[in-house]
Structures are given as structure tokens and as C-alpha cells.
1. When you scan the range 67-79, do you find a residue that is farther than 21 Å from residue 239 by Cβ, touching a residue at least 12 places away in the same chain (Cβ under 8 Å), assigned to a helix (DSSP H, G or I) and open to solvent by less than 10 Å² (accessible area, probe 1.4 Å), even just one?
2. Could you tell me which residue of the range 191-215 is nearest to the chain's Cα centre (by Cα), considering only residues that are open to solvent by less than 30 Å² (accessible area, probe 1.4 Å) and of a type in the set (A, V, I, L, M, F, W, C)?
3. Which residues, counting only those in the range 163-181, are touching a Leu at 6+ places or on another chain (Cβ under 7 Å) and open to solvent by less than 10 Å² (accessible area, probe 1.4 Å)?
4. Could you grab the pairs with beta carbons closer than 8 Å, sequence gap of 6+ or different chains, first residue in the range 377-406 and among the hydrophobic types (A, V, I, L, M, F, W, C), second one assigned to a loop (DSSP other than H, G, I, E, B)?
5. Out of the residues in the range 323-333 that are open to solvent by less than 60 Å² (accessible area, probe 1.4 Å), of a type in the set (A, V, I, L, M) and more than 16 Å from the chain's Cα centre (by Cα), state the one that is nearest to residue 83 (Cα to Cα).
6. Output the number of residues of the range 99-139 satisfying the condition of being part of a loop (DSSP other than H, G, I, E, B) and either among the aromatic types (Phe, Trp, Tyr) or farther than 14 Å from residue 223 by Cβ (or both).
7. Tell me which of these residue 125 doesn't satisfy, since it passes every other one: (1) more than 14 Å from residue 262 (Cα to Cα); (2) open to solvent by 10 Å² or more (accessible area, probe 1.4 Å); (3) in contact with a helix residue (DSSP H, G or I) (Cβ under 8 Å, 6 or more places away or on another chain).
8. Taking the options 328, 397, 338, name whichever one is over 17 Å from residue 268 (Cα atoms) and not in a loop (DSSP other than H, G, I, E, B).
Amino acid sequence: MNFAYSPRVEALRQQLRAFMDQHIVPRIGAWHAEVAAGQYPVSFMDDLKALARSEGLWNLFLPSLRDDEPGMGLSNLEYAPLAEIMGRVHWASEVFNCNAPDTGNMELLHLFATPEQRERWLKPLLEGEIRSAFAMTEPDVPSSDATNIQTRISRDGGDYVINGRKWFITNAAHPHCKVLIVMGKTDPDADTHHQQSMILVPFDTPGVELVRNIPVMNHIAPEGHCELLLKNVRVPANYLLGKEGDGFMMAQARLGPGRIHHCMRSIGMAELALELMVERCQERKAFGKYLQQYANVTDWIAESRIEIEQARLLVLKTAWMIDEVGAKAARKEISMIKALVPRMHTSVVDRAIQVYGAMGLTPDTPLADMWIGGRSLRFADGPDQVHLRSIARMEFKASEASRGVTAAYLTPPGRH
């Protein structure tokens with residue numbers, strides 16, 4: 001791996017950082033004020049999106065594009081440092097049309113949609129005209145294993161009828177959310193990994209009910225992490241995404257890049273937390289000394305720098321592997337960063353909160369929101385334990401061909 005940024009990526013980094021500093025950071029206060037007033041902050045978002053697009057900072061996440069699909073065509077490795085910069089402000093990715101879950105949905109549509117589906121849904125998503133949601137997770141089953149999904153998608157003549165309940169559906173409360181990609185079972189009698197399918201459901205279809213926007217750690221996100229009820233939702237059969245029985249495969253294709261995007265943004269938040277901690281400890285005194293004069297605080301700073309760099313290197317390696325050999329071959333690395341980065345994120349932010357004292361718990365700093373984001377990321381796209389289990393399984397499998405070889409390194413009895 002070459003760790004140097006290419007001239008193109010370095011130019012984009014500088015351009016993106018300047019855009020963040022000039023146009024997004026000054027609006028953080030307005031964002032929170034509008035959310036506190038109970039509305040999605042759309043008053044300035046459209047203007048910011050138009051400006052970002054005019055400057056070429058648009059659809060940066062898509063690694064490959066057709067000629068008629070607007071975007072930068074960056075590799076995952078090239079996109080990583082840009083996602084990190086966007087991650088410093090949790091809502092900034094939407095300004096550049098790079099926000100989850102739209103990114104994953106656009107990738108699904110890019111890979112599996114029919115020409116008609118592309119025209120109706122992918123094109124306006126790429127243009128930033130609409131938002132979308134991915135409805136997989138369910139309240140009654142451990143949804144980290146998609147084979148557990150219970151929502152039924154039943155064929156009825158020229159239609160499909162959908163019944164089920166979904167929750168923690170990100171973006172479903174966004175005022176511009178127009179389409180759901182719903183995952184459910186079309187054939188419960190098929191083999192385990194071919195029972196599921198995905199289908200496109202316009203949000204205004206009769207039978208789609210937004211039950212509630214679920215608070216996460218007592219924090220309500222304006223875009224929503226919603227509970228949805230799907231009751232006799234009827235859509236035309238040509239709204240099926242891909243083929244019947246391909247839902248599990250498509251979910252895996254979607255979640256790989258989605259997980260690495262989360263980790264890239266998470267590193268940006270950790271980096272900001274460290275910067276805030278370094279500044280605070282040089283200006284704040286306690287018991288007659290600056291905080292930077294206390295050994296435990298300097299240890300926190302050093303440990304945070306080490307942990308961020310370790311995490312960043314593993315994320316860059318994973319991005320490089322996805323580019324070189326594909327997400328399937330990089331599945332162990334994807335699981336490793338997904339288990340590692342959110343825990344690093346919360347550790348670094350937790351130290352920064354401690355350095356700021358009680359102020360760190362308030363909206364006067366971004367630290368409390370950042371901590372919630374890191375802690376909830378340990379569930380999003382699969383909990384830590386699922387990824388750790390997957391990593392261990394792959395280690396066991398890799399050891400099968402050489403089992404017993406390590407015996408040569410053991411000291412024979414009586415020869416200590």
C-alpha cells in the first residue's frame with residue numbers, strides 16, 4: 001500500500017476541509033436550533049447542497065459510475081480521508097450526498113435495479129432530490145442475522161403484498177424520504193440464504209405507517225431511527241429489486257461498503273475529539289496547574305493518538321482490499337474495523353469529556369452527541385459480538401490446513 005494521498009485526493013481534502021470550515025461549521029448552531037424547535041433543518045440544507053455540487057463535492061462515495069450517473073468515481077481508498085473530514089460534523093455527509101443509508105441504497109440500485117427503477121429512484125437519489133431508507137431490522141428477531149427476518153413479501157397476481165414490522169430504520173423521518181428498500185421473505189421454504197428478497201416501496205403507499213421515531217440514548221435524531229408498520233402494503237411486481245431469493249446476497253453486498261463508510265466517519269469524530277481535548281488541557285487549570293501538566297491527561301492524549309492511528313491504518317488497509325479483491329474477500333477486515341473503530345471512538349470521546357468536565361456532557365460541545373454516535377455504532381450494521389464471532393470463525397478455518405504445525409515451537413517435557 002502507498003499511504004501518500006494522490007494529488008487529486010489531496011486537492012479534494014483541502015477543498016472539502018475549506019468547505020466544512022466556511023459553510024458547515026458556522027451553521028452548527030442553526031442546525032441544533034431548528035432541531036430543538038421540532039423541525040428538520042431544511043432551511044439551509046438545499047443551499048449548501050447546491051453549493052457543494054457546484055464545487056464538485058458531490059457523490060464522492062461511489063467507486064464506479066456509468067456516464068449518466070453524476071459522481072467522482074473515487075476508489076474506497078481515495079474516499080476514506082474525505083469521509084473522515086465529513087464525519088467531523090455528524091450531519092455534514094448529507095450536504096455532499098454521501099450520507100447513510102442513501103449511499104448503500106444507491107449502491108444497491110446501481111448494482112441491481114432495472115432501467116425503469118434506476119430512472120425513478122436512483123437518478124433522483126444521485127441528484128439529491130429525494131432521500132431513502134433501508135428497512136431490514138425487526139423488533140422480534142436478532143436482525144444481525146438477516147436469515148431471521150420475518151416480514152412477508154407475498155406474490156398476489158401482478159403485485160406483491162408486504163406485512164411486517166421494522167424498527168431503527170434510519171432516515172424514515174426525513175421530510176424528503178420517498179422510498180423504502182424493504183427486506184422480507186418471499187419463500188420461507190427455500191434454503192436458508194435464498195428465502196429473502198428486497199422490494200422498493202414508495203413511502204406514501206397505503207399501509208405504510210410510521211409508528212414512532214425511536215430515541216437513541218434519549219436522543220432524538222431528526223432524520224429518524226424509526227419504527228414502521230407495514231400492513232397489507234401492495235406494490236407492483238416490477239418493484240422487486242433484483243431477483244426473488246437474492247435478498248440475503250444483496251444485503252451482504254450493501255453492508256460491506258456501508259460498514260467501512262461508518263468507520264471512516266467515526267475516525268473523523270475521534271480526531272475532532274482529540275483536537276478538542278488537546279486545546280482544552282492547555283487552557284484549563286485545576287488545583288493551580290494546567291491540565292496538560294497532569295500525567296494522566298498526557299497519557300490520555302498519547303493513547304488516543306496511538307489508537308486513532310492504528311484504527312485509521314486498518315481502515316485504509318480494508319478500503320484498499322475492497323478495491324483490490326472485493327468486499328467478500330475483505331470480509332474479515334470489514335468485521336475487524338467494525339468491531340475496533342466504534343470502541344476506539346467512544347474511548348477517545350470519553351477521555352475528552354472527562355477533560356472538559358461537566359461541560360462535556362452539555363450541548364456546549366459536540367462531545368455528548370459524538371459519544372452517543374460511537375456507542376450506537378457498536379450495534380449499527382451488526383453488534384460487536386457478531387463481528388468478533390465471525391473473525392474467530394475465519395481464524396479457525398484458516399488454521400485447518402496447518403493444524404499441529406505450532407507443536408514444533410513447544411518445549412518438550414523435561415527440557416525446561
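The values are calculated or read from the model by the stated rules, or taken from the named source; none is laboratory data. Small disclaimer: the values here were computed from a predicted structure and weren't measured. Reconstructed Cβ throughout: ideal geometry from the backbone, glycine too, with neighbour counts over all protein chains shown. Note: areas computed on protein heavy atoms with side chains; ligands, DNA, RNA excluded. Shrake-Rupley method; radii C 1.70, N 1.55, O 1.52, S 1.80 Å.
1. Yes, because at least one residue in the range 67-79 is farther than 21 Å from residue 239 by Cβ, touching a residue at least 12 places away in the same chain (Cβ under 8 Å), assigned to a helix (DSSP H, G or I) and open to solvent by less than 10 Å² (accessible area, probe 1.4 Å).
2. The residue in question is 214.
3. Once the filter is applied, which keeps residues that are touching a Leu at 6+ places or on another chain (Cβ under 7 Å) and open to solvent by less than 10 Å² (accessible area, probe 1.4 Å), the range 163-181 yields 166, 169, 172, 179, 181.
4. 386/144; 386/145
5. Taking the candidates together, the pick is 330.
6. From the range 99-139, those part of a loop (DSSP other than H, G, I, E, B) are 99-101, 113-114, 128-130, 136-139; that's our starting set.
Filter again for either among the aromatic types (Phe, Trp, Tyr) or farther than 14 Å from residue 223 by Cβ (or both), leaving 113-114, 128-129, 136-139.
So the answer is 8.
7. (2)
8. Working: 328 fails: not in a loop (DSSP other than H, G, I, E, B); 338 fails: over 17 Å from residue 268 (Cα atoms).
The match here is 397.
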